[in-house]
Each structure stands twice: as C-alpha cells, then as structure tokens.
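*Asks:* One structure coming up, written as structure tokens, with questions to follow.
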Amino acid sequence: MDINRDTAVGLLNQYVTTEHIMAHSFAVEAVMRALAKRLAPADEELWGITGLLHDLDIDVSNWQEHPERHGPVTVELLKEHNFGCEEMYNAIIAHNPDTGVVPQTLFEKALFAADPITGFITAVTLVYPDKKIASVKHKSVNKRFKESRFAAGANRQYMAAIEETGISFDEFIDISLEAMREIADDIGL
C-alpha cells in the first residue's frame, strides 16, 4: 500500500478543514519524524506520515458523540484510498484511549505521546508576548507542565508516557520543541 507524503498531504487537504487541526497534524508529523530519527531511523517516513494523518477523521466523523470512533474512522478512510499499512492503522487507533486499545509498540507509544505535546507546546507558545516558538524555552514548557490548570486539555499522563520508549520527558521536550521550530512558519508559530 501507498505511504507517499504527497498523497498523504492530498488526503489531509481533502478531509481536514479546520486550520488548527491542519497545523496540529503538521506538528505531530514533525515530532514523529524527530522521534523516529532517535528511536527507529529506518521508519522515519512511516512515523512522519502517520503523525500527519492521525487525526484525518476529526472534521468528518461524529467523534464528539462517539469518541471511540476517532481513529477507526481514519483507518477506514485510509483503506478506502488504499493508503497505509497495518502498523500505521494500529498506531492511529491506539493514539485515542477511547478506542480501548492500549499502545504496545514503540511506534504506538511515540504517537500516543507526540499527539498531546504538540498542542501543549503550542499553548505555551501562545502565552509568550511574541507568540513565536523560537522564543519558547525548555524551562517554560517544563514549568507549565507542572501547572495542572494550564492547557488542562493536554493530558500530562499521555505526554509522560514517552518514557516507556526509553526517552526521558526532558529529552522529549527538547526533541519536540526543535521539531516544531523547524516548521514554525508552516504551523503559524
């Protein structure tokens, strides 16, 4: 099956209409590519494209009423387009705890943690006066992480689960910040 990035971007443009979900998708792709470089260099393209497409169903599924469908609907869409592979499908389903699927593989655990940290780092960026990710310091992300009321929707337990991959949370902050900085213009930060 196809896992070409140009095709993936075409699918993203076809199904995702919300601007912040589009930016989030590119941010998760960047973080997943960086994590793959650290954990599974041979799989960088697969990890990146999976990060890019993990929320493909957000604007077309009824996930608010049926949260367990978020992920499985993405997999259905990908299969309709003959895009992806079982590893990709499993990671996409496992990234949503409402599916009842617990991340098992390194790949699944990486996506599970990468998804919320991008939103969290975006929230930290937006409280900076210049709203630029280039200004965000590791110390600020770590400090805000400890403030439970800050970006309360970003699940800290899911982000901290990165440690199950052998990466410390401190290293994860650095990897994620750097990956998102590299695409700052693309994600409006």
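*Asks:* So which of Gly153, Gly84 ends up being within 26 Å of Ile3 (Cβ to Cβ) and not charged (D, E, K, R)?
*Replies:* Of the residues listed, the single one that is within 26 Å of Ile3 (Cβ to Cβ) and not charged (D, E, K, R) is Gly84.
*Asks:* Could you please find all residues in segment 64-80 being over 22 Å from Val9 (Cα atoms) and either in contact with a Lys or Arg (Cβ under 6 Å, 6 or more places away or on another chain) or open to solvent by 90 Å² or more (accessible area, probe 1.4 Å) (or both)?
*Replies:* Selection gives Gln64, Glu65.
*Asks:* Quick one: is Ile162 under 17 Å from Asp115 (Cα atoms), at pLDDT 95 or above, of a type in the set (Val, Ile, Thr) and not in a loop (DSSP other than H, G, I, E, B)?
*Replies:* It is true that Ile162 is under 17 Å from Asp115 (Cα atoms), at pLDDT 95 or above, of a type in the set (Val, Ile, Thr) and not in a loop (DSSP other than H, G, I, E, B).
*Asks:* Select, from Glu182, Glu164, Glu86, the only residue that is out of contact with any Gly (no Cβ under 9 Å at 6 or more places or on another chain), without any contact (Cβ under 8 Å) to a residue 40 or more places away in the chain and surrounded by fewer than 20 Cβ atoms within 10 Å (Cβ to Cβ).
*Replies:* So the residue among Glu182, Glu164, Glu86 that is out of contact with any Gly (no Cβ under 9 Å at 6 or more places or on another chain), without any contact (Cβ under 8 Å) to a residue 40 or more places away in the chain and surrounded by fewer than 20 Cβ atoms within 10 Å (Cβ to Cβ) is Glu86.
*Asks:* Quick one: in segment 2-17, of everything that is among the charged types (D, E, K, R) and over 14 Å from Glu80 (Cα atoms), which residue is nearest to the chain's Cα centre (by Cα)?
*Replies:* Arg5
*Asks:* Of all the residues that make up segment 96-109, how many are closer than 14 Å to Trp63 by Cα and either part of a loop (DSSP other than H, G, I, E, B) or open to solvent by 60 Å² or more (accessible area, probe 1.4 Å) (or both)?
*Replies:* Counting residues in segment 96-109 that are closer than 14 Å to Trp63 by Cα and either part of a loop (DSSP other than H, G, I, E, B) or open to solvent by 60 Å² or more (accessible area, probe 1.4 Å) (or both) gives 2.
*Asks:* Also, I was wondering about something else. Filter segment 138-154 down to residues that are within 20 Å of the chain's Cα centre (by Cα) and at pLDDT 95 or above, then give me how many there are.
*Replies:* Qualifying residue count for the region: 7.
*Asks:* Among the candidates Leu11, Leu35, Leu53, Leu39, which residue alone is under 19 Å from Thr99 (Cβ atoms) and in contact (Cβ under 8 Å) with a residue 12 or more places away in the chain?
*Replies:* Criteria check complete, one pass: Leu53.
*Asks:* Return only the number of the condition from (1) of a type in the set (A, V, I, L, M, F, W, C); (2) farther than 22 Å from Arg156 by Cα; (3) at pLDDT 95 or above that Ile3 does not satisfy.
*Replies:* Condition not satisfied by Ile3: (3).
*Asks:* Out of segment 148-189, which residues are of a type in the set (Gly, Ala, Ser) and under 21 Å from Ala23 (Cα atoms)?
*Replies:* If the condition is that a residue be of a type in the set (Gly, Ala, Ser) and under 21 Å from Ala23 (Cα atoms), then Ala151, Ala152, Gly153, Ala154, Ser176, Ala179, Ala184, Gly188 are the ones that fit.
*Asks:* Oh, and also: Which condition from (1) part of a helix (DSSP H, G or I); (2) open to solvent by 30 Å² or more (accessible area, probe 1.4 Å) is the one that Leu177 breaks?
*Replies:* (2)
*Asks:* Are there any pairs with C-beta distances below 6 angstrom linking a residue in segment 95-106 that is within 11 Å of Pro72 (Cβ to Cβ) to a residue that is of a type in the set (D, E, K, R) and not in a loop (DSSP other than H, G, I, E, B), with the two at least 6 apart or on different chains, and if so which?
*Replies:* Taking only residues 6 or more apart or on different chains, the pairs are Asp98/Glu68; Thr99/Glu68.
*Asks:* Among residues belonging to segment 112-159 that are among the aromatic types (Phe, Trp, Tyr) and either under 22 Å from Ile183 (Cα atoms) or part of a helix (DSSP H, G or I) (or both), point out the one that is most open to solvent (accessible area, probe 1.4 Å).
*Replies:* Of everything passing the filter in segment 112-159, Tyr158 is most open to solvent (accessible area, probe 1.4 Å).
*Asks:* Which residue out of Leu177, Leu189 is under 18 Å from Leu35 (Cα atoms) and of a type outside the set (Asp, Glu)?
*Replies:* Leu177
The values are calculated or read from the model by the stated rules, or taken from the named source; none is laboratory data. These figures come from a predicted structure and were not determined experimentally. As a convention, Cβ positions derive from the backbone with ideal geometry for all residues, glycine included, and neighbour counts pool all protein chains shown. SASA here: full protein model, heavy atoms, side chains in, ligands and nucleic acids out. Shrake-Rupley method; radii C 1.70, N 1.55, O 1.52, S 1.80 Å.
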